[in-house]
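Structure record follows, encoded as structure tokens.
The values are calculated or read from the model by the stated rules, or taken from the named source; none is laboratory data. Bear in mind that the values here come from a model prediction, so they are computed numbers and not experimental data. Here Cβ is always computed from backbone atoms with ideal geometry, including for glycine, and neighbour counts include all displayed protein chains.
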Amino acid sequence: MLRVIAKNTRIIDGRSFIGMGLLGMVISFKNNPEVFEALLLAISLILYVGYAFAINNCFDVDTDLLNPRKKHKNPVASGELSFKVALFTSLTTILLGGILAYFISKPAFVIYITMSFLATIYSAPPRLKSIPIADVFSHGLFFGALPFIYGGYFDGVLSDTEIFIALSLFVYSVAMELRNHLEDYESDQKANLKTTPIIIGKSTSEALINILSLLSLTLLLNLLYSPFGIVGILGVATRNRRISYRIWDSAMVLFLLVHALKVIIGV
């Protein structure tokens with residue numbers, strides 16, 4: 001039972017979102033070197049991401065049953081876990097995470113509750129993931145900007161750099177959501193969901209993914225004062241209309257790590 005409950009959280013799939021919050025904490029840790037509070041934040045991040053995936057599994061049974069690629073990742077859809085047990089363990093997970101966030105600080109608690117609320121209504125009724133524009137916008141917040149802000153506000157302040165990074169992550173998370181919807185395009189159509197890609201079409205969605213990915217990288221490069229890097233990215237984007245998502249992901253991780261290293265070594 002515990003193995004199936006853990007499977008429902010899909011922590012491995014959510015490692016990048018955990019990383020966003022940890023990045024924010026690393027950047028702000030030097031101004032608030034409280035190891036115990038940092039540990040609470042890290043654990044609460046893991047619980048939050050686990051909850052977001054688990055609650056999504058609870059309410060995604062209809063579409064995941066139509067998608068062989070997703071069905072084996074969703075214990076509720078595959079019948080390994082009942083809806084009631086999955087919902088109960090999901091709510092228990094986020095309750096524990098909220099308690100930990102409360103003991104970090106009141107602002108941390110408010111941010112945690114906000115992103116948890118968005119993650120909930122994204123999957124559960126009113127199910128923002130099935131509402132055009134609201135699907136990608138909410139994802140950009142609860143799986144982009146807010147996890148980073150949660151970690152970045154660890155020292156009680158959001159610097160201009162942190163705001164830029166949060167904006168970049170919001171934009172990139174919107175692109176990631178478009179990618180997710182394209183992967184589920186057929187099953188979402190069969191389930192009669194009106195996601196943004198279904199409304200605007202596949203080709204427009206793919207173009208938008210490249211544009212948003214480019215924009216998010218440009219924001220990060222701007223912080224590094226790298227005009228030549230920006231020109232290079234623009235050159236790659238204009239010559240390759242279809243760029244592998246792995247290239248975007250790798251570039252994003254690289255530039256985020258550079259920002260973290262700048263803080264750690266004090267450059």
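Data overview
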item: So PHE137, is it under 26 Å from GLY50 (Cα atoms), modelled with pLDDT of 95 or more, surrounded by fewer than 21 Cβ atoms within 10 Å (Cβ to Cβ) and under 12 Å from the mean Cα position of the chain (by Cα); result: yes
item: Qualifying positions in segment 43-58 - hydrophobic (A, V, I, L, M, F, W, C) and farther than 15 Å from GLY79 by Cα; result: ILE43, LEU45, ILE46, LEU47, VAL49, ALA52, PHE53, ILE55
item: Contacts under 8 angstrom Cβ, first residue in segment 243-256 being over 21 Å from GLY24 (Cβ atoms), partner of a type in the set (S, T, N, Q), 6 or more apart; result: ILE243/ASN210; ILE243/SER213
item: LYS71 vs. criteria of a type outside the set (Val, Ile, Thr) and modelled with pLDDT under 95; result: yes
item: Residue count, segment 19-45 (criterion: β-branched (Val, Ile, Thr) and free of Cβ contacts under 8 Å to residues at least 40 places away in the same chain); result: 1
item: Sole exception among (1) surrounded by fewer than 16 Cβ atoms within 10 Å (Cβ to Cβ); (2) in a helix (DSSP H, G or I) for LEU40, by number; result: (1)
item: Selection from segment 102-138 of residues that are in a helix (DSSP H, G or I) and among the aliphatic types (A, V, I, L, M); result: ILE104, ALA108, VAL110, ILE111, ILE113, MET115, LEU118, ALA119, ILE121, LEU128, ALA134, VAL136
item: Helices (runs of 4 or more DSSP H) contained entirely in segment 43-101, each with at least 3 residues that are within 18 Å of the chain's Cα centre (by Cα); result: none
item: Of residues in segment 57-80 being touching a residue at least 12 places away in the same chain (Cβ under 8 Å), out of contact with any Lys or Arg (no Cβ under 8 Å at 6 or more places or on another chain) and surrounded by 15 or more Cβ atoms within 10 Å (Cβ to Cβ), the one farthest from SER123 (Cα to Cα); result: ASN67
item: Failed criterion for ILE113 (all others in (1) modelled with pLDDT of 95 or more; (2) of a type outside the set (Phe, Trp, Tyr); (3) closer than 27 Å to THR204 by Cα hold); result: (3)
item: Filter result (of a type in the set (Ser, Thr, Tyr) and buried (at least 19 other Cβ atoms within 10 Å of the Cβ)) within segment 1-34; result: THR9, SER28
item: Matching helices (runs of 4 or more DSSP H) fully within segment 155-200 where at least 3 residues are in contact (Cβ under 8 Å) with a residue 60 or more places away in the chain, under 18 Å from the mean Cα position of the chain (by Cα) and surrounded by 15 or more Cβ atoms within 10 Å (Cβ to Cβ); result: 160-183
item: Criterion violated by LYS262 - all others in (1) surrounded by fewer than 15 Cβ atoms within 10 Å (Cβ to Cβ); (2) modelled with pLDDT of 85 or more; (3) of a type in the set (Lys, Arg); (4) part of a helix (DSSP H, G or I) satisfied; result: (2)
